[in-house]
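See below for the structure under consideration.
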Amino acid sequence: MTAGIRGGVLLAFLCASLPLDTRADPAFTTERTLEEVPPSSMPGGVSAPVEESHLPLYRAHALAALDALNRARDEREGVYELGDVLEARTQVVAGLMVHVKYEAVRGSETTVCAAKVWQKLDGTHQVTSNTCEERR
């Protein structure tokens, strides 16, 4: 019963502290046209590509994919080094699935690769797919 009384006293205090002459600003609106709404992904879906300035944040994911690529190749072919991270998209799963497009460089050969790297809740990375195509 005392909890109900305390709640009533708190409500009365809050109501008494509100200004009496509060009017809505007719110029203010929360409605926006479709052109004003920023692009977003559907919940659980893959995000739009991250801004170019944020791509270095996904270098660790590209390195995990590159390591998996080097382990899968014959050592006599040579080792790939990481070039640029070209694109990154994210998807919230049990952790974070990062869809990353990166350059794998070996000598004068540059290959564009696309990988899905699962960043688990414990912070470790697991490459779930990794495909590459010749670029130049």
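Key figures
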read-out	value
Every residue from the stretch 104-119 that is in contact with an Asp or Glu (Cβ under 8 Å, 6 or more places away or on another chain) and either surrounded by 20 or more Cβ atoms within 10 Å (Cβ to Cβ) or more than 25 Å from VAL92 (Cα to Cα) (or both)	ALA104, VAL105, ARG106, GLU109, THR110, THR111, CYS113
Residues of the stretch 60-103 satisfying the condition of being open to solvent by 50 Å² or more (accessible area, probe 1.4 Å), among the aliphatic types (A, V, I, L, M), modelled with pLDDT of 95 or more and part of a strand (DSSP E or B)	LEU86
Residue check, SER129 hydroxyl-bearing (Ser, Thr, Tyr), more than 18 Å from ALA68 (Cα to Cα) and exposed (fewer than 15 other Cβ atoms within 10 Å of the Cβ)	no
Search result, residues across the stretch 41-59 that are at pLDDT below 80 and either open to solvent by 100 Å² or more (accessible area, probe 1.4 Å) or under 18 Å from TRP118 (Cα atoms) (or both)	MET42, PRO43, GLY44
Every pair of residues 6+ apart whose Cβ atoms lie under 6 Å, when the first sits in the stretch 73-85 and is over 21 Å from TYR58 (Cβ atoms) while the second is in a strand (DSSP E or B)	GLY78/ARG106
Some residue of the stretch 1-23 being at pLDDT 90 or above, open to solvent by less than 100 Å² (accessible area, probe 1.4 Å) and among the polar types (S, T, N, Q)	no
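The values are calculated or read from the model by the stated rules, or taken from the named source; none is laboratory data. Quick caveat, the model's predicted, so the values are computed rather than measured. Quick reminder, even Gly has a Cβ in these numbers, built from the backbone with ideal geometry, and neighbours come from all protein chains shown. Just so you know, the surface numbers come from the protein's heavy atoms only, side chains and all, with ligands and any DNA or RNA stripped out. Shrake-Rupley method; radii C 1.70, N 1.55, O 1.52, S 1.80 Å.
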